[in-house]
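See structure below.
The values are calculated or read from the model by the stated rules, or taken from the named source; none is laboratory data. Just so it is clear, the model here is predicted, and its values are computed rather than measured. Cβ coordinates were reconstructed from backbone atoms using ideal geometry, including for glycine residues, and neighbour counts include every protein chain displayed. Please note that ligands, DNA and RNA were not included when accessible areas were found on the heavy atoms of the full protein model with its side chains. Shrake-Rupley method; radii C 1.70, N 1.55, O 1.52, S 1.80 Å.
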Amino acid sequence: MKPKILVLGSTGKLGVKLLNFCKKKNINIFCITCFKNSKLLNIQSKKYNIKNFFKLNDVSQSNKFKLFLEKNKIDIIYFLDYGYKSIIYANIFLKHNKKSIIAIANKEMIIAGGETLIDKILKSNNKFIPLDSEHFSLSNIDLINDNIKKIYITASGGPFYFKKNIDFEKVSLSNVLAHPKWKMGINNSIDSSNFINKILEIYELSIIYKINLSKIDFLISQHAYVHSVVIRKDNVVSLNCFNNDMLIALVNPLVKFYPFINLKIKQLFLDDNILKLEKFNDKRFKINKYLKSLKRLSPHNQIIFMILNNIAQKKYLSREIKYNEILDFIMTNLKKNTKTVLFKSINDRLEFINSIEKKYDS
C-alpha cells in the first residue's frame with residue numbers, strides 16, 4: 001500500500017529537497033503546503049502531480065486545510081516549515097490520526113508545544129521522528145535522564161566563529177547570512193550566526209528526550225560530521241556521526257513503506273580532523289554571557305525567549321536594533337517575566353503565546 005504523505009513547508013529548502021528525491025524514486029506526495037510562496041507551490045503541484053495543496057497565510061485556505069486534516073488519514077506528515085503556529089495543525093492531525101509517522105524539523109513548533117505536544121504524539125500511538133540533525137542523531141539511542149552524565153550537540157561555527165578578526169559592531173546583513181556550509185532561510189541564518197540556534201536546539205533536545213537542561217551543552221565541530229556526543233554515567237562515550245546531508249534524516253520516515261530505498265551518500269574519510277571537537281569559548285559572542293541563565297529557563301520562559309528572538313530579528317532586519325544588540329534586547333525583556341505558568345493543553349500554550357506576542361510585538 002502506498003502511503004499518503006503530507007509535507008508542510010514544501011517550498012522551503014528541505015521541502016524542495018524532499019520532493020525532488022521522491023520524484024526520482026517514484027514516490028507520490030499526497031498533499032503540500034506553503035505559507036506564502038504560492039508561485040512555487042503551484043509549480044510543485046503541477047511538476048509532481050499533487051492535487052492537494054494549500055497556502056496557509058490565506059485564512060480561507062488555512063480553514064480548508066484544517067478540514068482536510070480532519071477528513072484524511074495521513075501515513076507520514078512532515079513539518080518542514082518555520083514558526084510555532086503549525087502546532088495548530090498538529091493538534092488537529094493528532095485528533096484524527098493514529099499509527100502515523102510525524103517528522104518534525106520545525107524547532108519553534110517543538111518548543112511552543114513542549115512536552116504537551118510530544119506526550120500527545122506518543123499517547124495517540126503515533127511515531128515521532130525529529131529531523132534536526134543533532135536530535136535525529138540521538139533517535140536510535142535509549143536516552144534515560146538518570147543514566148546520562150552529559151549530552152553535547154554540535155555547531156559548525158557559522159559565518160563568524162573561525163574568523164577571529166571580525167568586529168560584530170560592523171558586520172553587514174550579507175555577512176550574517178553567509179553561512180560557509182549551508183544555504184538557509186534568513187531567520188535560521190541569523191540564529192546560526194549568533195548561536196541562538198544552539199540554545200533553541202538545547203531546549204528542543206530537553207523536550208524531546210526528557211533530559212535535564214543542566215546536562216546539555218554544545219561543542220564546535222567545524223566539519224559538522226559529529227552531530228552529538230553522549231556521555232553515560234558508566235563513562236561510556238558515544239560519538240554520533242554522519243555526513244551532513246539532510247536527506248539522511250528526511251528519507252528515514254519513508255523507509256517503513258519503501259524499505260529498499262537506496263540513498264547514495266559518499267562517506268567522508270575518517271581522520272582526526274573530521275572528528276575534531278572544541279569547546280565553545282569565544283567571548284565575542286554574547287551568548288557566552290547569558291548561557292548559564294538560559295539553561296535555567298522554565299518551559300514558559302523558553303517560549304518567551306523564542307518569541308523575543310523572532311521579534312529581535314524583525315527589529316534587526318528593519319534596522320531598529322543592531323546585530324550585536326539582538327541578545328541584549330531579548331534578555332532585557334525576558335527578565336520582566338518571572339511568573340510561573342502551567343500548561344495543561346496545546347490550547348493553553350497557544351493562548352499564552354498570543355498574549356506574549358501582543359505584549360511585545362507592537
Checking the structure you have, find out if any residue of the range 105-124 is surrounded by fewer than 16 Cβ atoms within 10 Å (Cβ to Cβ) and within 26 Å of I311 (Cα to Cα).
yes
Got at least one residue in the range 308-320 being surrounded by 18 or more Cβ atoms within 10 Å (Cβ to Cβ), modelled with pLDDT under 95 and under 23 Å from K149 (Cα atoms)?
no
Number of positions in the range 284-307 that are in a helix (DSSP H, G or I), of a type outside the set (A, V, I, L, M, F, W, C) and either under 14 Å from I356 (Cα atoms) or open to solvent by 60 Å² or more (accessible area, probe 1.4 Å) (or both):
6
Within the range 53-86, residues open to solvent by 40 Å² or more (accessible area, probe 1.4 Å) and of a type in the set (S, T, N, Q) come out as N57, S60, Q61, N63
Does the range 269-279 contain any residue that is aromatic (F, W, Y) and open to solvent by 40 Å² or more (accessible area, probe 1.4 Å)?
yes
Of (1) among the β-branched types (V, I, T); (2) under 23 Å from N252 (Cα atoms); (3) outside any loop (DSSP other than H, G, I, E, B), I141 fails just (3)
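Taking the stated definitions as given, is I356 touching a residue at least 12 places away in the same chain (Cβ under 8 Å), in contact with a Phe, Trp or Tyr (Cβ under 7 Å, 6 or more places away or on another chain), among the β-branched types (V, I, T) and open to solvent by less than 40 Å² (accessible area, probe 1.4 Å)?
No, not satisfied.
Which residue, of D81, D58, is in contact (Cβ under 8 Å) with a residue 24 or more places away in the chain and acidic (D, E)?
That would be D81, the only listed residue that is in contact (Cβ under 8 Å) with a residue 24 or more places away in the chain and acidic (D, E).
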Selection from the range 126-145 of residues touching a residue at least 12 places away in the same chain (Cβ under 8 Å), open to solvent by 10 Å² or more (accessible area, probe 1.4 Å) and closer than 10 Å to I211 by Cβ yields L143, N145
Of the numbered conditions (1) open to solvent by less than 10 Å² (accessible area, probe 1.4 Å); (2) part of a loop (DSSP other than H, G, I, E, B), P253 satisfies every one except a single condition; which is it?
(2)
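Could you list, in sequence order, the residues of the range 13-35 that are over 16 Å from S62 (Cβ atoms) and open to solvent by 30 Å² or more (accessible area, probe 1.4 Å)?
Filtering the range 13-35 for residues over 16 Å from S62 (Cβ atoms) gives 13-30.
Scanning the range 13-35 gives K13, L14, V16, K17, N20, K23, K24, K25, N26, N28, F30.
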Among the residues of the range 49-70, is any at pLDDT below 95 and small (G, A, S)?
no
Check off (1) in a helix (DSSP H, G or I); (2) open to solvent by less than 10 Å² (accessible area, probe 1.4 Å) for I102 and give me the number that stays unchecked.
(1)
